[in-house]
1. If one takes the longest principal axis of the Cα atoms in the chain, at what angle in degrees, from 0 to 90 and to the nearest 10, does the Cα axis of helix 33-44 lie?
2. Test of understanding: given the chain, find the longest segment containing no GluC sites (Glu not before Pro) that are in a DSSP loop and have at most 13 other Cβ atoms within 10 Å.
3. Pairs of alpha-carbon atoms within less than 8 angstrom and 6+ residues apart define the contacts here; what relative contact order does the chain have, in percent?
4. Report, to two decimal places, the Cα Rg of region 15-65 normalised by 2.2 N^0.38 Å (N = number of residues).
5. Where does the longest stretch of the chain lie that holds no trypsin sites (Lys or Arg not before Pro) found in a DSSP loop with 14 or fewer other Cβ atoms within 10 Å?
6. Could you give the angle, 0 to 90 degrees to the nearest 10, between helix 65-81's Cα long axis and the longest principal axis of the Cα atoms of the chain?
7. Tell me the volume per residue, in Å³, of the convex hull enclosing the alpha carbons of the chain.
Amino acid sequence: VLLAATNHIAHVDPALLRPGRLDRQFEMCLPDEAARIAILRQHLERELPDADLTGAARLTEGLTGAELAGHVRGAQQRARQAGRRLRLD
């Protein structure tokens, strides 16, 4: 079993994509708004357990889950450095 990943399937040699080789392709789409809310909720549940994250999710359209997590970590770090609690504004 061979598993490969690429961000640019068009650049893969067609010989590798023939039946019997890497013939199955799965597209991993970016998270929709509901998924982004769930991702943000997972990373913010300690600091902002009851916050409405809909606005934040709308601002993050086009981001991956990893990018969302990175933004949350950055916001948490900035709040710590400023000596305040994380807030949604």
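1. Taking Cα atoms only, the helix is inclined about 60 degrees.
2. Numbers: sites that count: 27, 45, 61.
Segment 62-89 is the longest.
3. Values: 53 pairs, mean separation 23.8, N = 89.
Relative contact order of the chain: 27 percent.
4. Dividing the Cα Rg of region 15-65 by 2.2 N^0.38 Å gives 1.73.
5. Free of exposed loop sites, the longest segment is 47-83.
6. It works out to around 30 degrees.
7. 134
The numbers here are math on the coordinates, done by the rules we state, and not lab data. In this text, all values refer to a predicted model and were calculated from it rather than measured experimentally. Reconstructed Cβ throughout: ideal geometry from the backbone, glycine too, with neighbour counts over all protein chains shown.
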